[in-house]
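Any read-out appearing in this document is the output of simple, stated calculations on the displayed coordinates, not a laboratory observation. Not measured: the values here are computed from a predicted model. Reconstructed Cβ throughout: ideal geometry from the backbone, glycine too, with neighbour counts over all protein chains shown.
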Amino acid sequence: MSSTVRTDGNGRKAFEAPRASRGGALLSLSLSLLLVTGSATAAEPTFRGGAAKDPARVVGPEKCGECHKSELATWGLTHHAQTFQEMHRKPRAQEIVGKLGGSRIKVNPYCLTCHYTEGMRDGKSVAMWGVTCESCHGAARDWVDVHNSYGPKGTTKETETAAHRTERLAKSAAAGMIRPQELYRAVSNCFQCHTVPDEELVNVGGHKPRSEFELVAWSQGEIRHNFKNSADAKNRPATAAHKRVLFVTGIALDLEYSLRAAARATKAGPYLDSASQAIAGARKRLQAVQAVTPLPAVAAMLKATDDLVAKAGDSAPLLRAAESVGTAAKGFVAEHDGNALASLDKLLPAASTYRGTPQS
Ligand code: HEC
Ligand code: HEC
Ligand code: HEC
Ligand code: HEC
């Protein structure tokens, strides 16, 4: 008896039920029907990482590259881009997907949620890229032509009116654009994927429970793309002040998303253990920040998570704490540009530990 359900051969060609126990003719039939009508099936993870959640609104990185050439070139050399060509060939990936009862990685609903970005082909959603621009900046169909338009023909960045600029940015945001200036929103995407908040994937599939993710080190290596506003079009490192903001924001988001991950745990096991350790680890790092530079926002994060024990099936207190930490983190980002936080520099990771090599 096969656990694979095939639909009509177009687009999302095959659906591999994540567990072998989900095989069987009757169930297959009902899954096929559900897929044809496009609704989510019980077998699909409800979770999806990153900001490109709706394939119908994804335009793809090539479109961005028409204008953002340097950003596209930089992105092309990252693991985020290359996972599309490489992941499905890895024996380790085959092993994970096999344990979950599937075989084809690029159509497996578990893997699609973090390793791939889906776009539309012939009216069906298909994995078309790895982790893309829109995974972090938002699916762009409704904002791509708005965010770069300075006004009537002939208007340039320099001659755009202040009112037009305000309206342009507001319209882009309303249409789903996540700007770099909205740092909390932009980098919260990293944690949605890198905390790997999927219990079955970890406990049954044996997937790595989370990345050893530290925002400065992980954003200033191969991921770094910082060309705009630079007359010489060089990929500039973040300033010392900006790195301090990234550092604190990263720990706060690690805490928030580890709490969210723990809230999804239904049983004891490696998944819950790893989330609990991550919560404790992030708290320790916040305490280290607090010892160097007392900050009210960080005090609020610690207070919200004091005496909190992550228990399986008891999500409410964890989600409440996550909300409080998130609110405090947004407050921190709004209040600080990092210039007054130089005392944190001794806690920041050394450049030699940055993940991958930035392009120049
Ligand atoms: C037709 C050219 C064009 C295309 C296509 C385009 N952009 Fe842009 N983009 C621009 C211009 C011009 C700006 C600067 C706008 C400004 O001055 O505020 C910009 C600004 C941005 C910014 C904000 C930078 C900042 O510091 O404020 C981001 C992020 C961005 N684009 C991402 C994307 C992504 C992602 C795509 C693809 C989905 C894309 N762009 C497609 C021209 C384009
Ligand atoms: C919730 C997000 C998420 C999902 C879902 C997910 N992955 Fe991953 N995966 C990641 C992240 C993040 C990394 C990078 C980990 C690192 O390097 O720290 C990764 C790394 C990997 C690696 C390399 C690391 C290793 O363990 O050897 C493999 C292989 C892999 N994933 C396979 C899969 C397969 C197969 C699926 C689908 C069954 C899948 N992943 C689903 C987020 C995810
Ligand atoms: C949609 C999910 C997703 C989002 C959003 C995301 N990542 Fe990733 N990231 C992954 C996956 C999956 C991998 C592993 C790819 C592989 O190796 O096949 C990865 C790999 C990486 C790597 C390479 C790690 C190595 O092996 O050296 C870095 C660095 C990284 N991510 C940083 C970031 C940062 C910084 C952000 C946010 C600004 C971010 N990621 C957002 C899914 C995501
Ligand atoms: C993994 C998440 C992620 C991916 C993928 C990503 N970005 Fe970004 N991008 C960010 C973040 C976060 C910032 C702000 C960094 C900061 O302020 O420290 C940023 C900054 C920018 C900026 C402003 C700085 C500059 O280079 O001018 C532009 C424009 C931009 N991104 C466009 C793109 C385009 C185009 C792509 C795809 C080719 C892309 N980004 C891929 C997360 C991402």
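Values computed for the structure shown
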| quantity | calculated |
| --- | --- |
| Of the criteria (1) within 15 Å of the chain's Cα centre (by Cα); (2) more than 26 Å from ARG320 (Cα to Cα), which one VAL196 fails | (2) |
| Complete set of residues in the stretch 141-164 that are more than 32 Å from the chain's Cα centre (by Cα) and of a type in the set (A, V, I, L, M, F, W, C) | ALA162, ALA163 |
| Meets criteria (more than 14 Å from SER135 (Cα to Cα), within 10 Å of ligand 3 (Cβ to nearest atom) and surrounded by fewer than 18 Cβ atoms within 10 Å (Cβ to Cβ)) for GLN85 | yes |
| Close pairs from the stretch 198-209: first touching a residue at least 60 places away in the same chain (Cβ under 8 Å), partner polar (S, T, N, Q) and not in a loop (DSSP other than H, G, I, E, B), Cβ under 6 Å, at least 6 apart | PRO209/SER274 |
| Filter result for the condition that a residue is surrounded by 18 or more Cβ atoms within 10 Å (Cβ to Cβ) and small (Gly, Ala, Ser), over SER172, SER149 | SER172 |
| Scope the stretch 298-325; condition in contact with a Ser or Thr (Cβ under 9 Å, 6 or more places away or on another chain) and in a helix (DSSP H, G or I); matching residues | ALA300, MET301, LYS303, ALA304, THR305, ALA321, ALA322, SER324, VAL325 |
| Pairs where the first residue, in the stretch 258-286, is in contact (Cβ under 8 Å) with a residue 24 or more places away in the chain and the second is among the acidic types (Asp, Glu), C-beta under 7 Å, 6+ apart | ARG264/GLU199; ALA265/GLU199; THR266/GLU199; TYR271/GLU199; ALA278/ASP254; ALA282/ASP254 |
| Number of the exception - ARG141 against (1) in a helix (DSSP H, G or I); (2) more than 16 Å from ligand 2 (Cβ to nearest atom) | (1) |
| Verdict on ALA51 being closer than 19 Å to THR357 by Cβ and within 16 Å of ligand 1 (Cβ to nearest atom) | no |
| The stretch 302-360, residues that are closer than 22 Å to LEU272 by Cα, β-branched (Val, Ile, Thr) and out of contact with any Asp or Glu (no Cβ under 8 Å at 6 or more places or on another chain) | THR305, VAL309 |
| Residue within the stretch 67-89 that is in contact with a Lys or Arg (Cβ under 7 Å, 6 or more places away or on another chain) and within 9 Å of ligand 1 (Cβ to nearest atom) present | no |
| Answer residue from the stretch 196-230, given it is in a helix (DSSP H, G or I) and farther than 23 Å from PRO358 by Cα and is farthest from ligand 4 (Cβ to nearest atom) among those | ASN203 |
